[in-house]
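Novice: Here it is: the structure, laid out below.
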Amino acid sequence: MSLDKVYLSEDDAIFLDCTRMSQSSELVSRKKPNSPNDVLIQIADIVYNLKKNKQRKIFLADDVVFSGDVLRKIVELFRQFGIEVVGIKSSIATKNSYEYFNKNLLYGLEAGYLLEDDVIDQICERDFYFGIVQSGISIKRKDVVFKAPYFKPYGNPVERASIPLLYENSFSQSCIDRSIMLWDEISRLSARDIKVCELPEKIIGANPNETVVKELKKGRIK
């Protein structure tokens, strides 16, 4: 069972499609990310359905295991429903998480690469671009799900990406500039301007009726 739809095909795994809501410990699955109003499903409901199908042992797959907090919560949830997580496969993991899961799971954690202890954080590059599918952190406002990239003015690079406070503005500006370059090229290849409302996910604080490039230019750090 994979926690993310980005890295495996549907032939390879069942998808938990797990995301953690910002400013909350709530874990949900986004089953219809392109619907007008995203449908959020509690992870417990998916686990319960697996139990009804008499699933008793599973492997989990994730891209990166850093602190391991989300995975620990999911493993415990499966245990509560009588399903044993026998192992975890990951592309990247920290040594602390690697040691923890290899002590507590039957087949442990298998990772392609182990991060050294002095690594401050690990973030997917997609989180630093505006409007890329599944980038950023999910934020729920009045039952509507938005995405916040990990840079100002749409998100918080200090909280989400461990960027030092001293550099949050210059870092955010570089993210905006790269995003402008990306969407300028997409617009050129598409032979038309792309609007914010056409993006695969809603961006918190962005004007849906504006073009992506103009929205980003307005968001430049003063």
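The values are calculated or read from the model by the stated rules, or taken from the named source; none is laboratory data. Predicted model, so just to flag it, every value in this text is computed and none were measured. Virtual Cβ from ideal backbone geometry, glycine too; neighbours counted across all protein chains shown.
Novice: Which residue out of PHE151, PHE146 is farther than 21 Å from VAL65 by Cβ and at pLDDT below 90? Steps first, answer last, please.
Specialist: Working: PHE151 fails: at pLDDT below 90.
Result of the check over PHE151, PHE146: PHE146.
Novice: Further, regarding this structure: Got a sec? Which of TYR113, TYR167, TYR107, TYR100 is without any contact (Cβ under 8 Å) to a residue 12 or more places away in the chain, among the aromatic types (Phe, Trp, Tyr) and farther than 20 Å from ASN207 by Cβ?
Specialist: Details: TYR113 fails: without any contact (Cβ under 8 Å) to a residue 12 or more places away in the chain; TYR107 fails: without any contact (Cβ under 8 Å) to a residue 12 or more places away in the chain; TYR100 fails: without any contact (Cβ under 8 Å) to a residue 12 or more places away in the chain.
Among TYR113, TYR167, TYR107, TYR100, only TYR167 is without any contact (Cβ under 8 Å) to a residue 12 or more places away in the chain, among the aromatic types (Phe, Trp, Tyr) and farther than 20 Å from ASN207 by Cβ.
Novice: Something else now. Evaluate the range 101-110: report whether one residue or more is in contact with a Lys or Arg (Cβ under 7 Å, 6 or more places away or on another chain) and either surrounded by 17 or more Cβ atoms within 10 Å (Cβ to Cβ) or over 30 Å from LYS195 (Cα atoms) (or both).
Specialist: Our first condition is that a residue be in contact with a Lys or Arg (Cβ under 7 Å, 6 or more places away or on another chain); within the range 101-110, this holds for 110.
Retained after the next criterion (residues that are either surrounded by 17 or more Cβ atoms within 10 Å (Cβ to Cβ) or over 30 Å from LYS195 (Cα atoms) (or both)): 110.
Yes, the range 101-110 has at least one match.
Novice: Let me ask something else about it. Could you please find all residues in the range 148-175 being β-branched (Val, Ile, Thr) and surrounded by fewer than 20 Cβ atoms within 10 Å (Cβ to Cβ)? Give the derivation first.
Specialist: Here is the first cut: in the range 148-175, the residues β-branched (Val, Ile, Thr) are 158, 163.
Matches in the range 148-175: VAL158 only.
Novice: Picking from ILE88, ILE132, ILE74, which residue would you name as being buried (at least 18 other Cβ atoms within 10 Å of the Cβ) and in a loop (DSSP other than H, G, I, E, B)?
Specialist: Values: ILE88 fails: in a loop (DSSP other than H, G, I, E, B); ILE74 fails: in a loop (DSSP other than H, G, I, E, B).
Among ILE88, ILE132, ILE74, only ILE132 is buried (at least 18 other Cβ atoms within 10 Å of the Cβ) and in a loop (DSSP other than H, G, I, E, B).
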